[in-house]
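Worksheet: one structure, shown below.
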Amino acid sequence: MNVINEKCARVIIDELGIRGKSTAKVYDAFWKFIGDELIKSGKVTIAKFGTFILKDTDDANYQIDFQPDAYMCDELGAK
C-alpha cells in the first residue's frame, strides 16, 4: 500500500471506525464507483471536492480532467 492509500485507510479507520479488510474494501469501492460513473455518464462531481470529467482525445483514447470545487480552492488558498 502506498503512502496515500495508507493515509486514506487511516481516515476510514479513524472517522468511520471500519477496520481490517473492510477498510480496503471501502477505499476500493469508492474509486470503483468513481470509475464506473465516469464510464457511464462522463462526469462525476463530489461536493466540496471537485468534478472528474472523461474526455475523448484525438487518438481514440480518453483523458480524465479534474476541476476543483470552489470550496476546495478556498480551503487550499488556490485560485
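The values are calculated or read from the model by the stated rules, or taken from the named source; none is laboratory data. Since the structure is predicted, the reported quantities are computational estimates derived from the model, not experimental observations. Reconstructed Cβ throughout: ideal geometry from the backbone, glycine too, with neighbour counts over all protein chains shown.
Structure summary
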item: Tally of residues being over 12 Å from the mean Cα position of the chain (by Cα) and loosely packed, with under 14 Cβ neighbours inside 10 Å across segment 23-35; result: 1
item: Matching option when the condition is over 29 Å from LYS79 (Cα atoms) and either modelled with pLDDT under 95 or assigned by TED's automatic domain parsing to the domain that holds ALA78 (or both), among LYS7, LYS21, LYS55; result: LYS21
item: Qualifying positions in segment 61-74 - surrounded by 10 or more Cβ atoms within 10 Å (Cβ to Cβ) and at pLDDT below 90; result: TYR62
